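Below is one structure, written out as structure tokens; comments come after it.
The values are calculated or read from the model by the stated rules, or taken from the named source; none is laboratory data. Note that the structure is a prediction, hence the values are computed from the model and not measured. Cβ: placed from backbone, ideal geometry, glycine included. Neighbour counts: every protein chain shown.
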Amino acid sequence: MQLGMMMGLGAIAMFVAWWVATYNQGIRIFNHIKESRSNIDVQLKRRHELIPNLVAICRGYAAHEQGVFESVVEARNRAVMSLEDMKSGYEEEAELVGAVNRMMAVVEGYPTLKADGQFLALQKELVNTEDRIAAARRFYNANCRSWNVLRESFPSSMVVKGPVAFYYEVEGVDVVPDVGV
């Protein structure tokens, strides 16, 4: 009788240990999702800070292309507001990338601008920032995958509850702007 009771208590202890470990794993992954989402936002803010400088330099060389530059500024402002409002998606970022790509197409017609030292430095920073955004997105999506697998797999689905984590899949954002570097 004592052996059976000890085995029962051992089984209960193992179940409780598994439950606690699974619960803590869920908490850890969920916090990684929040952290990695924040890392994406940091890199997007970096992009938002670079673009006005890039537009200012381009305006000096191609003042008659004002419509293109205004569309970049407007798209950037919408993206900044979206990020500040903590919206769930990054739709405005796709629009911003498209506007920057259109601006870079205009730049192709200005060889002196393409050779400007400040412009080249900003282009390089923008490319580096786009690489950082891509890396942050991959990290975020990997955390989302881990969370979704944990919350949907049996038996951990009995312990880990919470919303589905949606991947960062905005069309056009995963394309690095063509900045001619």
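Observations, loosely collected:
- Test: Asn101 is touching a residue at least 60 places away in the same chain (Cβ under 8 Å) and more than 30 Å from Ser157 (Cα to Cα): yes
- Of the residues making up the stretch 103-131, those that are within 24 Å of Met81 (Cα to Cα) and surrounded by fewer than 17 Cβ atoms within 10 Å (Cβ to Cβ) are Val127, Asn128, Asp131.
- Met86 over 20 Å from the mean Cα position of the chain (by Cα) and either closer than 22 Å to Glu49 by Cα or modelled with pLDDT of 90 or more (or both): no
- Residues that are modelled with pLDDT of 85 or more and closer than 23 Å to Leu120 by Cα occur at least once in the stretch 59-68.
- Set side by side, the residues Ala79, Ala94 differ, and just one is touching a residue at least 12 places away in the same chain (Cβ under 8 Å) and touching a Gly at 6+ places or on another chain (Cβ under 6 Å), which is Ala94.
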